[in-house]
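The values are calculated or read from the model by the stated rules, or taken from the named source; none is laboratory data. Because the structure is a prediction, the values reported are computed rather than measured. As a convention, Cβ positions derive from the backbone with ideal geometry for all residues, glycine included, and neighbour counts pool all protein chains shown.
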Amino acid sequence: MNDERRTTNHRHMNFGFRISDFGFLIPQSAIHNPQSKGMTLVEVIAVLVIIGILAVVVLPKIDFGSTSSRASAYGAAYIVASDIRYAQEFAMANRVSKSVIFSTLTPTVYTFSPASGLDPSGRLPSGVTISSNFTITFNSLGEPTTGGGGSVTVSVGGQTRTIAVVNYTGKVNIS
């Protein structure tokens, strides 16, 4: 039986592409024979995979100074802003008043009133603290009845972010 698969030359598994085909020339080395015009596409992909693996392993271990503190402050601010928006949406959906209470007496936890089983935990990430007392209450229309126009500040490692609630509309802004 004459099967073409058996007679096919399998020496060149590089799909016919070489880096030199794209205008890049690589100097001769011990890896390549003198007739080689460049690296194959498969070789380039293998090198990129190795560099990618090294980057994933090494970069998280490098301390970039205040970058992690800044990221933690932003992350905590987004958590707090999201939880304030949750309270507003809960009040509108259930046609009740809902409050979020921030206190420097417990600077890593804030509470919701009235409490519900659906409420977020109110816990800030490790090292993040609340540096101002603030209570925001939303009515059944989502309007702030107390605390509108006020703000709460979160701090971590010398970085601070302020979460402000716009009076009348209840829009939450981070600065």
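Yes/no matrix, rows are residues, columns are (1) closer than 19 Å to V165 by Cα; (2) among the polar types (S, T, N, Q):
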residue	(1), (2)
I53	no, no
V80	yes, no
A87	yes, no
S116	no, yes
G122	yes, no
T146	yes, yes
G149	yes, no
Of the numbered conditions (1) more than 16 Å from Q159 (Cα to Cα); (2) crowded, with 18+ Cβ neighbours inside 10 Å; (3) touching a Phe, Trp or Tyr at 6+ places or on another chain (Cβ under 6 Å), D119 fails exactly one; give the number of that condition. (2)
Taking I79 and the conditions (1) in contact with a strand residue (DSSP E or B) (Cβ under 7 Å, 6 or more places away or on another chain); (2) not in a strand (DSSP E or B); (3) not acidic (D, E), which numbered condition does it fall short on, given that it satisfies the others? (1)
If a residue has to be of a type outside the set (K, R) and within 16 Å of I136 (Cβ to Cβ) to count, how many in the stretch 94-108 make the cut? 8
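Yes/no per residue for (1) in the same structural domain as R95 (by TED's automatic domain parsing); (2) surrounded by 14 or more Cβ atoms within 10 Å (Cβ to Cβ); (3) among the hydrophobic types (A, V, I, L, M, F, W, C):
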{"site": "S126", "(1), (2), (3)": "yes, no, no"}
{"site": "I136", "(1), (2), (3)": "yes, yes, yes"}
{"site": "N139", "(1), (2), (3)": "yes, yes, no"}
{"site": "T146", "(1), (2), (3)": "yes, no, no"}
{"site": "G157", "(1), (2), (3)": "yes, yes, no"}
Sole residue being of a type in the set (S, T, Y), touching a Lys or Arg at 6+ places or on another chain (Cβ under 8 Å) and farther than 19 Å from I174 by Cα, chosen from S113, S126, S97: S113
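Please go through the stretch 137-171 and give me each residue that is assigned to a strand (DSSP E or B) and out of contact with any helix residue (DSSP H, G or I) (no Cβ under 6 Å at 6 or more places or on another chain), ordered by number.
Kept after step one, since they are assigned to a strand (DSSP E or B), are these residues of the stretch 137-171: 137-138, 144-146, 151-156, 159-165.
Matches in the stretch 137-171: T137, P144, T145, T146, S151, V152, T153, S155, T160, T162, A164, V165.
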Of the residues in the stretch 87-100, how many are surrounded by fewer than 17 Cβ atoms within 10 Å (Cβ to Cβ) and either within 26 Å of the chain's Cα centre (by Cα) or of a type in the set (D, E) (or both)? 1
